[in-house]
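The values are calculated or read from the model by the stated rules, or taken from the named source; none is laboratory data. Predicted model, so just to flag it, every value in this text is computed and none were measured. Here the Cβ positions follow ideal geometry from the backbone for every residue, glycine too, while neighbour counts run over all protein chains shown.
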Amino acid sequence: MSQPLETLIAAERRTQRPLLRRAALYAALVAAASVVLLGLSGWFITAAAFAGAAGTLAAQAFNYMLPSAGIRLLAIVRTGARYGERLAAHEAAFGALARIRPALFRAIAAAPVGKALALSTGEATARMIGDVDAIETRFVRLSAPWGVAAALASGLCLTVLGGALAALSTVACLAALLLSARALSRRLEAPGRAVQIAAGVLREDFAQAIEAAPELRCFGLESWAADRIDAASRALAAAQRAQASVAGWFELIQALSIALAASAAALLSAPAGAEIAALAALAAAMTLDGAAPLLHGQIDRGKMREAAARLDTLFAPLPPARATAIPSDTPVLTFQHPAPCRVAPGERLALTGPSGAGKTMIVETLIGLRRATPGEITLDGIDLATVPLPALRHRFAWAPQDAMLLSGTIRENLMLANPCADDATLWAALHDAVLEDRVRALDHGLDGWIGENGVRLSGGERRRLALARAYCARAPWLLLDEPSEGLDAATEAVLTDRLRSRLDRTGQGLILVTHRPTLKALCPRILAIEPDRPGATVRLVA
């Protein structure tokens, strides 16, 4: 059974096939031109030396122009083809990654809550950057086998001029090099994996330290964080040294193989003359040198396999498809758990209880962030577990207690909930969230920049901006989780009054998580939830 990432990469290889074929053609041209260039250079230098040693007449009779022109042409062809190969290979890689990265993000976003929350921001960043970069390298090197094949074909065409034995010795040396590299790559796989893991840990630790910089400064823990990053850096350096110590053997066996191939070709071609022997020797050497890109792929095999394995863990199996039953635009909401309760469109229900009782879990289930348990909640009699997620999320506008904001402007954050909202709608939402005056005081109003996660706003202002975003959505139900947390009593009173007016004006229903009496007074009914323990009760207060 193929892995999700491999399936995705295979699809991208099919999509990028024209570019990959072009890269393979250029790689073959680079290899062939390199082999012929070096072989011709060896023949030309040797023949010119003998012509010069033979005397003036021989030197004058020797055709210097044609070989030198051929050498220059081959050099130009090799340079141009190498440039073309890199352009085509990187264009294919970038095109593939432009779809792999969004697919990876969708996989993270669609993962079960427990799995998604277990993945820290730093770790997600490390995988998105470091591991995906390894996949890019894999794409770039797809043309390497074609270069090796072209190098071998052109090398045989030249070495065979020195005799069949010279050509066979070149093939034997190349085969021995590739087999040795394959065997050695198994020893290199563990160090390669260790490098990829250590690099991810360093990125994660650094990202977490940067994110927690204010707290670290407050408690005087900068040195502790620096030591932690230093330890991760040293671990990465040690893993890289271990990898380099094994990778050095690749360089050694390639150098020995090149020397052996050149020496064998020269000796076996000697009866054909010094010029042919020089041609065969250098052609054989360049044939084995053409295997370098393939050897580099073997060196990085462990790193790429670890990257693929780490990315594969993020591609969770797709959940079973939900049924296609669609509730009405203004559905009746019915709870069977934690207590039987029917909430009609436009009605208001408060969820109360101690921390950990499950209030936020109910809200997250309604919005589809948690999988609903069949039979516990229905919309218009349709089990929530069978309602398609797009339909579900169009019926609820959500303002979480700890809302995340995009690094952007006020307008961009509000329009996440309603891309078609005009300025009047945005200002009305800000007014009802008691944030209008603050936004008007910004230099650019709605287009004022709020920084990463709203860093230019206070905690209460960030929460009210998230509330205004929920107000912008066209949904029959509002799901508000502690919307007045952190507000002073006066601001909370204004916010509560404006929320009441908004609900009366729009006819929206309200599911409210709160422990604040002022907001609780908005709801005629209260679902009081207690933690699951012996003797616990769930009561509906009229």
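Considering each of Leu179, Leu156 in turn, give the residue that is among the aliphatic types (A, V, I, L, M), at pLDDT 85 or above and surrounded by 15 or more Cβ atoms within 10 Å (Cβ to Cβ).
Within the list Leu179, Leu156, the selection yields Leu156.
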* Asked: Just checking, which of Ser143, Ser169 is surrounded by 16 or more Cβ atoms within 10 Å (Cβ to Cβ), touching a Leu at 6+ places or on another chain (Cβ under 8 Å), at pLDDT below 90 and small (Gly, Ala, Ser)?
  -> Ser143
* **Scope the stretch 332-361; condition without any contact (Cβ under 8 Å) to a residue 12 or more places away in the chain and either buried (at least 19 other Cβ atoms within 10 Å of the Cβ) or aliphatic (A, V, I, L, M) (or both); matching residues** => Met361
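Yes or no, residue by residue, for (1) hydrophobic (A, V, I, L, M, F, W, C); (2) free of Cβ contacts under 8 Å to residues at least 24 places away in the same chain:
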residue	(1), (2)
Gln243	no, no
Gly248	no, yes
Pro271	no, no
Leu282	yes, no
Ala285	yes, no
Thr313	no, yes
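Tell me, which helices (runs of 4 or more DSSP H) lie completely within the stretch 300-396 with 2 or more residues that are within 31 Å of the chain's Cα centre (by Cα) and among the charged types (D, E, K, R)?
Details: elements: 301-312, 359-366, 389-393.
In the stretch 300-396, the matching helices (runs of 4 or more DSSP H) lie at 301-312.
Suppose we filter Arg78, Arg101, Arg127 for residues that are under 30 Å from Thr365 (Cα atoms) and modelled with pLDDT of 80 or more; which single one remains? Don't jump to the end; show me each part of the working.
Values: Arg78 fails: under 30 Å from Thr365 (Cα atoms); Arg127 fails: modelled with pLDDT of 80 or more.
Every option except Arg101 fails the conditions.
Just to be sure before I move on: is Ser41 at pLDDT 85 or above and farther than 20 Å from Pro293 by Cα in the structure I sent? Break it down into steps so the answer makes sense when it comes.
On the way: at pLDDT 85 or above: yes; farther than 20 Å from Pro293 by Cα: yes.
In short, yes.
Within the stretch 218-230, is even one residue in contact with a Gly (Cβ under 8 Å, 6 or more places away or on another chain) and of a type in the set (Gly, Ala, Ser)?
Going through the stretch 218-230, the residues in contact with a Gly (Cβ under 8 Å, 6 or more places away or on another chain) turn out to be none.
Checked against the condition, which is being in contact with a Gly (Cβ under 8 Å, 6 or more places away or on another chain) and of a type in the set (Gly, Ala, Ser), the stretch 218-230 yields no hits at all.
Test Ser223 against the criterion of being farther than 28 Å from Val455 by Cα and either surrounded by 18 or more Cβ atoms within 10 Å (Cβ to Cβ) or assigned by TED's automatic domain parsing to the domain that holds Pro293 (or both), and give yes or no. Don't jump to the end; show me each part of the working.
Numbers: farther than 28 Å from Val455 by Cα: no; either surrounded by 18 or more Cβ atoms within 10 Å (Cβ to Cβ) or assigned by TED's automatic domain parsing to the domain that holds Pro293 (or both): yes.
No, not satisfied.
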* To do: Could you tell me whether any residue of the stretch 213-224 is of a type in the set (Asp, Glu), under 28 Å from the mean Cα position of the chain (by Cα) and farther than 30 Å from Phe44 by Cβ?
  => no
* Structure fact -> Filtering the stretch 463-485 down to residues that are out of contact with any Gly (no Cβ under 8 Å at 6 or more places or on another chain), closer than 18 Å to Val439 by Cα and of a type outside the set (Ser, Thr, Tyr) yields Arg464, Ala466, Leu467, Ala468, Arg469, Ala470, Cys472
* To do: Quick one: in the stretch 413-428, of everything that is crowded, with 16+ Cβ neighbours inside 10 Å and over 23 Å from Leu366 (Cα atoms), which residue is modelled with the lowest pLDDT?
  => Ala421
* Structure fact -> Filtering the stretch 393-412 down to residues that are within 20 Å of Arg348 (Cβ to Cβ) and crowded, with 18+ Cβ neighbours inside 10 Å yields Arg395, Phe396, Ala397, Trp398, Ala399, Pro400
* Would you check which residues across the stretch 267-294 are surrounded by fewer than 23 Cβ atoms within 10 Å (Cβ to Cβ) and aliphatic (A, V, I, L, M) and list them? => Leu267, Ala270, Ala272, Ala274, Ala292, Leu294
* **Failed item in (1) closer than 28 Å to Ile210 by Cα; (2) crowded, with 23+ Cβ neighbours inside 10 Å; (3) in contact with a Phe, Trp or Tyr (Cβ under 8 Å, 6 or more places away or on another chain), with Arg456 passing the rest** => (2)
* Within the stretch 399-424, count every residue that is assigned to a helix (DSSP H, G or I) and either closer than 22 Å to Asp481 by Cβ or in contact with a Cys (Cβ under 6 Å, 6 or more places away or on another chain) (or both). => 3
